[in-house]
Amino acid sequence: MRILLLAPPGAGKGTQADRISAHFRVPHISTGDLFRRHVAEGTPLGREVDAYLRRGDLVPDHIVLGIVEEAVADALTRTGGYLLDGFPRTLAQARQGYQIARRLGATADAVLHFDVSEPELMRRLLERGLSDGRADDTEETIRHRIDVYKTETAPLLGYYRGRGVLVTIDAEKPVDQVTEESIAALEAMQETAGA
Ligand code: AMP
């Protein structure tokens, strides 16, 4: 199963992605986690992206596409599938990502979208900032990341709806229910894709 996860910051992507990827036995690839690991390890790539993450700005496409291609190719070799969390975030990334996936013979079967209202996102992110101490969970950066999502990423919903692969889940529901509904919807897509 090859899944893209499209959700605003604070929608609970990380937790759900771990559970869903375990269910479908595919690697969970989080571009945000990959970047944070590079920053923590002080690699050249980490030094290049650090300021973008701190500001809540998008990392330039050529950097993102490089790490996504490497991670997806590795996931495909190991399992034939992937759950990509945090990519694509722009229409340009979606188009280029599609070309890469086609070249690898592994375009996405489904795009899972988590819908959460803006006040709830703010509340969750501020809470996470207090508990996890993530550098980009300050109020100003959170507002900026939500704005970036609305202007750059939300237009992808129409793009994927038009391709017939979009599944939207109300992610304000309890965590377990979100997991169950996501898995059920994805399994239905998988049957259609396999048919
Ligand atoms: P996330 O963990 O998905 O919230 O991502 C954290 C940060 O990593 C974002 O605010 C961006 O700075 C960067 N990032 C993650 N994925 C992407 C992407 N696909 N394109 C550009 N920047 C990204």
- Distance between modelled label sites at ARG25 and ARG103, nm, 7 Å Cα→Cβ extension: 3.0 nm
- Message: Can you divide the C-alpha Rg of segment 81-180 by 2.2 N^0.38 Å and report the result to two decimal places?
- Response: 1.20
- Query: Measuring from a point 7 Å past the Cα of HIS144 along Cα-to-C-beta, which residues in segment 52-71 have an amide N at less than 12 Å?
  - Reply: 52-59
- Mean 1/r over all different Cα pairs, inverted: what Kirkwood radius does segment 61-107 give, in Å? 10.6 Å
- Based only on the alpha carbon positions, what is the Kirkwood hydrodynamic radius of the chain, in angstrom? 17.0 Å
- Report the dimensions of segment 34-77 along its three principal axes from the alpha-carbon atoms, largest first, rounded to Å. 34, 21, 14
- Message: Within the chain, what whole-number % of the accessible surface is contributed by carbon and sulfur, with the 1.4 Å probe and all protein chains included in the calculation?
- Response: 50 percent
- Note on the structure: Taking Lys and Arg as +1 and Asp and Glu as -1, residues besides VAL167 with C-beta under 15 Å from its C-beta add up to -3
- Under the Karplus relation 6.51 cos²θ - 1.76 cosθ + 1.60, θ = phi - 60°, what is the ordered set of whole-Hz ³J(HN,Hα) values for segment 60-74, x standing for Gly and Pro? x, 3, 5, 6, 4, 4, x, 6, 5, 4, 4, 5, 5, 4, 5
- Return one whole number: the accessible area per residue of segment 117-195 in Å², for a 1.4 Å probe. 59 Å²
- Task: Give the share of C-alpha pairs in each 5 angstrom bin for segment 1-116, from 0 to the last occupied bin, in whole percents, shortest bins first.
- Result: 2, 11, 23, 24, 21, 14, 4, 0
- Query: Relative to the Cα centre, what is the charge dipole magnitude of the chain, using +1 at the beta carbon of each Lys and Arg, -1 at the beta carbon of each Asp and Glu, and rounding to the nearest 20 debye?
  - Reply: 480 debye
- Note on the structure: With a ≥ b ≥ c from the Cα gyration tensor eigenvalues, square-rooted, and the rule rounded for a/c under 1.5, otherwise prolate when a/b > b/c and oblate otherwise, segment 5-57 is oblate
- Item | Residue list for segment 98-123, given a label point 7 angstrom along the Cα-to-Cβ vector of ALA154 and an amide N cut-off under 15 Å | 114-122
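The values are calculated or read from the model by the stated rules, or taken from the named source; none is laboratory data. Nothing here was measured: the structure is a model prediction, and the numbers come from that model. With ideal geometry, Cβ positions are generated from the backbone for all residues, glycine too; neighbour counts draw on all protein chains shown. All accessible areas refer to the heavy atoms of the entire protein, side chains included, with ligands and DNA or RNA removed. Shrake-Rupley method; radii C 1.70, N 1.55, O 1.52, S 1.80 Å.
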